[in-house]
1. Scan the stretch 61-87 for residues that are closer than 17 Å to PHE15 by Cα and either in a strand (DSSP E or B) or more than 18 Å from the chain's Cα centre (by Cα) (or both) and jot them down.
2. Of all residues in the stretch 100-129, count the ones that are within 18 Å of VAL71 (Cβ to Cβ) and in a loop (DSSP other than H, G, I, E, B).
3. Identify all residues within the stretch 121-137 that are modelled with pLDDT of 85 or more and of a type in the set (Gly, Ala, Ser); write none if there are none.
4. State all residues of the stretch 67-87 that are in contact with an Asp or Glu (Cβ under 7 Å, 6 or more places away or on another chain) and either of a type in the set (D, E, K, R) or at pLDDT 85 or above (or both); if no residue qualifies, say none.
5. Between a residue in the stretch 87-108 that is at positive phi and in contact (Cβ under 8 Å) with a residue 24 or more places away in the chain and any residue that is outside any loop (DSSP other than H, G, I, E, B) and among the acidic types (Asp, Glu), which pairs come within a Cβ distance under 6 Å, given they are 6 or more apart or on different chains?
6. Being among the charged types (D, E, K, R) and under 22 Å from PRO4 (Cα atoms) is the filter here; which residues of the stretch 121-137 pass it?
7. Confirm whether VAL64 is aliphatic (A, V, I, L, M) and either out of contact with any Asp or Glu (no Cβ under 9 Å at 6 or more places or on another chain) or not assigned by TED's automatic domain parsing to the domain that holds VAL126 (or both).
8. Go through the residues of the stretch 38-60 one by one and say whether even a single one is basic (Lys, Arg), surrounded by 14 or more Cβ atoms within 10 Å (Cβ to Cβ), out of contact with any Pro (no Cβ under 9 Å at 6 or more places or on another chain) and not in a loop (DSSP other than H, G, I, E, B).
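The values are calculated or read from the model by the stated rules, or taken from the named source; none is laboratory data. Everything quoted here is computed from the prediction, not taken from an experiment. Note that each Cβ is placed from the backbone with ideal geometry, even for glycine, and that neighbours are counted across all protein chains shown.
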Amino acid sequence: MSTPLLEVENLRVSFPTHSGRVEVVKGLSFTLGRERLGIVGESGSGKSMTGRSILKLIRKPGEVTAYTVNVPSAPVHVLAPEGADITVDGNAAGKAPLAELSLPLGTHEVTATLPGGSKRGVTIAVRFGGANEARID
């Protein structure tokens with residue numbers, strides 16, 4: 001079997017109410033490879049909350065717990081001027097030259113802050129296979 005694109009084990013999403021916490025997703029588990037997945041259910045059955053929780057879009061006071069929510073990553077070669085501070089999606093990643101970063105699959109903002117303070121950035125789409133590269137000239 002190939003590497004799964006997404007693994008979710010025992011996903012739970014809950015929200016507080018006046019009478020205590022209410023679980024809107026209760027113990028959902030699945031593994032997704034290259035096939036397509038459709039989530040079907042009645043209104044209010046947790047379809048949207050499942051998607052939002054995987055994408056980390058549940059806001060407080062909502063609470064998401066799971067044994068596993070694993071989105072695979074892939075290597076990204078970062079080419080930027082030497083000495084530049086590199087951030088990915090607003091989080092510090094290191095100083096150029098960087099050999100390689102491991103980033104989750106999907107779209108990311110890679111920014112280089114040059115020694116003089118100016119910033120340059122690119123948006124990259126990280127995918128399985130092939131070369132993933134962030135070139136900041």
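1. PRO61, GLY62, GLU63, VAL64, THR65
2. Of the residues in that region, 4 qualify.
3. GLY121, ALA125, ALA134
4. Residues satisfying the conditions are PRO75, VAL76, HIS77, LEU79.
5. Matching pairs, first to second residue: none at all.
6. Hit for the stretch 121-137 is ARG127, nothing else.
7. Yes, satisfied.
8. yes
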